[in-house]
Amino acid sequence: MRIDRDSELFVRLEATRESVARTCVAAGRAPGDVTIVVVTKTFPASDVISLAHHGVCDFGENRDQEAAPKAQEVAADLASPLRWHFIGQLQTNKCASVARYANLVHSVDRRKLVTALDHAVGSAAKPPLGALVQVNLDPEPEPGRGGASPADVRAIADAIATTENLTFEGVMGVAPHPGDPVAAFERLREIASEISDDHPSAKIISAGMSGDFAAAIQAGATHVRLGAAILGERPPLT
Ligand SMILES: *Cc1c(COP(=O)(O)O)cnc(C)c1O
């Protein structure tokens, strides 16, 4: 493990933890109310291992091709298991792989994916897998971006809840850019509250990234997904 990288990660992690805690208090919430999911996409397994040694257990990845080998490499190196959050757009042909390592899939946005994930978890003989419905919060949705339209969220949530191998745990959203993150996250909170009438144990609201997590925490996020704030700027995607 490179000492300089390890201490850089530790400093950024501590600063981010403090900032999240302060934002919680400013929003009238308990400082430990929000789980930080550290998004390690594009960064090596060695960074995950460093962060795990500094007490991080929740990690997020958005591409199965990258996440599957990384989760495997890290598992071989660590004594206690991590929680992997799959946060990216998911194709049905990747469900079998994702079911092997993921603990929570944040990006369920269509019925076909519910069926495919349920089947994958059943075939892998794994315990039930947590699932969030990703909501498209863009008032003018662009085709091809992830997320169910708000009108479809309830049906997808009900579908998840009736499967054998998935548990419906809440909702996820990404604020539109450009756009107003406060309005977007308030919308997500309203949707979460409507759904909770039928699904009272689905309490997760996954919202907020490095640039907008304060707005998300104000709007009731239980999980923030932070990459750049902790790991630094990502190399541009190729
Ligand atoms: C990459 C990513 C994040 C983290 O973004 P940062 O700006 O690096 O904090 C959060 N959520 C999703 C869905 C992502 O793809």
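Residues that are in contact with a Ser or Thr (Cβ under 9 Å, 6 or more places away or on another chain), open to solvent by 20 Å² or more (accessible area, probe 1.4 Å) and either assigned to a loop (DSSP other than H, G, I, E, B) or more than 13 Å from the ligand (Cβ to nearest atom) (or both) within segment 191-219 comprise Ser201, Lys203, Ile204, Ile205, Ser210, Gln218, listed in sequence order.
Within segment 144-175, the set of residues being in contact with a helix residue (DSSP H, G or I) (Cβ under 9 Å, 6 or more places away or on another chain) and either modelled with pLDDT under 95 or closer than 18 Å to Asn103 by Cβ (or both) comprises Ile160, Thr163, Glu164, Asn165, Leu166, Thr167, Phe168, Glu169, Gly170, Val171, Met172.
Sort out which residues of segment 89-98 are of a type in the set (A, V, I, L, M) and buried (at least 24 other Cβ atoms within 10 Å of the Cβ), and write them in order of number. Leu90, Val98, listed by residue number. Restricting attention to segment 22-43, the residues being touching an Asp or Glu at 6+ places or on another chain (Cβ under 9 Å) and either among the polar types (S, T, N, Q) or within 16 Å of the ligand (Cβ to nearest atom) (or both) number 8. Just so you know, in segment 127-152 the residues that are open to solvent by 80 Å² or more (accessible area, probe 1.4 Å) and assigned to a loop (DSSP other than H, G, I, E, B) include one that is farthest from the ligand (Cβ to nearest atom), and it is Pro127.
Would you mention how many residues in segment 220-238 are in a loop (DSSP other than H, G, I, E, B), more than 16 Å from Leu137 (Cα to Cα) and open to solvent by less than 20 Å² (accessible area, probe 1.4 Å)? Summing the residues that are in a loop (DSSP other than H, G, I, E, B), more than 16 Å from Leu137 (Cα to Cα) and open to solvent by less than 20 Å² (accessible area, probe 1.4 Å) in segment 220-238 gives 2. Inside segment 104-121, residues that are crowded, with 16+ Cβ neighbours inside 10 Å and away from the ligand (no atom under 16 Å from the Cβ) make up a count of 8. Annotation note: Cβ proximity below 7 Å between a residue of segment 163-182 that is farther than 24 Å from Lys112 by Cβ and hydrophobic (A, V, I, L, M, F, W, C) and a residue that is open to solvent by less than 30 Å² (accessible area, probe 1.4 Å) and not in a loop (DSSP other than H, G, I, E, B) (sequence gap 6+ or interchain) occurs for Ala175/Ala184; Ala175/Phe185; Val182/Ala215.
Residue pairs whose Cβ atoms lie under 7 Å apart, separated by 6 or more positions or on different chains, with the first residue in segment 36-58 and farther than 14 Å from Arg225 by Cβ and the second of a type in the set (Lys, Arg) and in a strand (DSSP E or B), are Cys57/Arg83.
Taken together, Phe168, Phe185 contain a single residue that is of a type in the set (Phe, Trp, Tyr), out of contact with any Leu (no Cβ under 7 Å at 6 or more places or on another chain) and within 16 Å of the ligand (Cβ to nearest atom), which is Phe185. The number of residues in segment 1-25 that are open to solvent by less than 60 Å² (accessible area, probe 1.4 Å) and among the aliphatic types (A, V, I, L, M) comes to 5.
The values are calculated or read from the model by the stated rules, or taken from the named source; none is laboratory data. If you're wondering where the values come from, they're calculated on a predicted model, not measured in any experiment. Note that we place each Cβ from the backbone using ideal geometry, even for glycine, and neighbour counts take in every protein chain shown. Areas reflect the complete protein model, heavy atoms only, side chains present, ligands, DNA and RNA absent. Shrake-Rupley method; radii C 1.70, N 1.55, O 1.52, S 1.80 Å.
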